[in-house]
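Notes follow the structure.
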């Protein structure tokens, strides 16, 4: 055995127990390397603040998180950056508390920590109103792309999926459910979530799947172009924008996500779960071990019902 090996093992044995707990918490929060790295950078900045101000990270005083916000302001960090870091630290300390690695509660949570800063959006994504969506759906005829685009629009409307999630749909990860289809999709950050496709969205998807099957495509990516090549995010945007231009309106996939969260009458917990939000300021009220998304998917009205 190389001599360096025992030294590496020794470093692991004598490693700071709190740092080991932090590493374990990050691993539990997300399987995505990118997400864990981002959270780690936020925690390292908090650690820098704690070292500079003499704050105990295991049992920080009640005012420490608020002081951290002011410290970030002095550094010139933007409100959105500060809000993201507070959210990251809330997730980390929630997991550390579960592991009994910290004392007290979660100093960064909405309930126990400082009041969240309001982050204004300069150019918010507009909502796709039912009238706009109905006009665009009217351009979808019985042609190959017409059937495909109709299914895409209705699924985005009824599920609020991001583009990356929609395009991750495959035949293998589509399973039958009493209300329609359950799609296991990949969301931002590399994690997966379940999405319920029901009602007219299910019927539109079934028509498209029948076309794929008749063309010999029983496996793989669901969303394809006329050459049977899986489409990209850019091609998805162009397809919806081109249809919208025909009737003098504007429509993007993200506008349909906003519609899902605006018109859906389900409670906040269900909508947050269905949307796959990871921010603890919006997901703290629901149980992560249970899938609450069904309630939101079931409650979403059809376009024609509004």
Q | Hits in the range 195-209 - residues which are out of contact with any strand residue (DSSP E or B) (no Cβ under 8 Å at 6 or more places or on another chain) and touching a residue at least 40 places away in the same chain (Cβ under 8 Å) | A | 200, 204, 207, 208
Q.
Given (1) part of a strand (DSSP E or B); (2) in contact with a helix residue (DSSP H, G or I) (Cβ under 8 Å, 6 or more places away or on another chain); (3) closer than 23 Å to residue 30 by Cβ, identify the lone condition not met by residue 166.
A. (1)
**Q.** Among the residues listed as 175, 158, 168, the single one being touching a residue at least 60 places away in the same chain (Cβ under 8 Å) and either assigned by TED's automatic domain parsing to the domain that holds residue 264 or closer than 21 Å to residue 228 by Cβ (or both)
**A.** 158
(Q) Exactly one condition in (1) in contact with a strand residue (DSSP E or B) (Cβ under 8 Å, 6 or more places away or on another chain); (2) assigned to a helix (DSSP H, G or I); (3) surrounded by fewer than 17 Cβ atoms within 10 Å (Cβ to Cβ) is false for residue 219; which is it? (A) (2)
Q: Please work out which one of (1) at pLDDT 95 or above; (2) crowded, with 18+ Cβ neighbours inside 10 Å; (3) over 30 Å from residue 31 (Cα atoms) is the condition residue 198 fails and give its number.
A: (3)
Q) Is it the case that some residue within the range 106-127 is within 27 Å of residue 222 (Cα to Cα) and modelled with pLDDT of 90 or more? A) no
Q) When you look at residue 134, is it touching a helix residue (DSSP H, G or I) at 6+ places or on another chain (Cβ under 7 Å), surrounded by fewer than 16 Cβ atoms within 10 Å (Cβ to Cβ) and assigned to a helix (DSSP H, G or I), yes or no? A) yes
Q: Mind listing whichever residues of the range 150-181 are closer than 13 Å to residue 206 by Cα and touching a strand residue (DSSP E or B) at 6+ places or on another chain (Cβ under 8 Å)?
A: 155, 174, 175, 176, 180, 181
Q.
If I filter the range 222-241 down to residues being under 18 Å from residue 159 (Cα atoms) and in contact with a strand residue (DSSP E or B) (Cβ under 8 Å, 6 or more places away or on another chain), which single residue comes out as surrounded by the most Cβ atoms within 10 Å (Cβ to Cβ)?
A. 222
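To keep it simple, each residue is scored yes or no on (1) crowded, with 24+ Cβ neighbours inside 10 Å; (2) under 23 Å from the mean Cα position of the chain (by Cα); (3) on the phi < 0 side of the Ramachandran plot.
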{"position": "142", "(1), (2), (3)": "no, no, yes"}
{"position": "146", "(1), (2), (3)": "no, no, yes"}
{"position": "156", "(1), (2), (3)": "yes, yes, yes"}
{"position": "160", "(1), (2), (3)": "yes, yes, no"}
{"position": "164", "(1), (2), (3)": "no, yes, yes"}
{"position": "167", "(1), (2), (3)": "no, yes, yes"}
{"position": "175", "(1), (2), (3)": "no, yes, yes"}
{"position": "181", "(1), (2), (3)": "no, yes, yes"}
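The values are calculated or read from the model by the stated rules, or taken from the named source; none is laboratory data. A quick note: this is a predicted structure, and the numbers were derived from the prediction, not measured. Glycine gets a Cβ as well: all are built from the backbone with ideal geometry, and neighbour counts include every protein chain shown.
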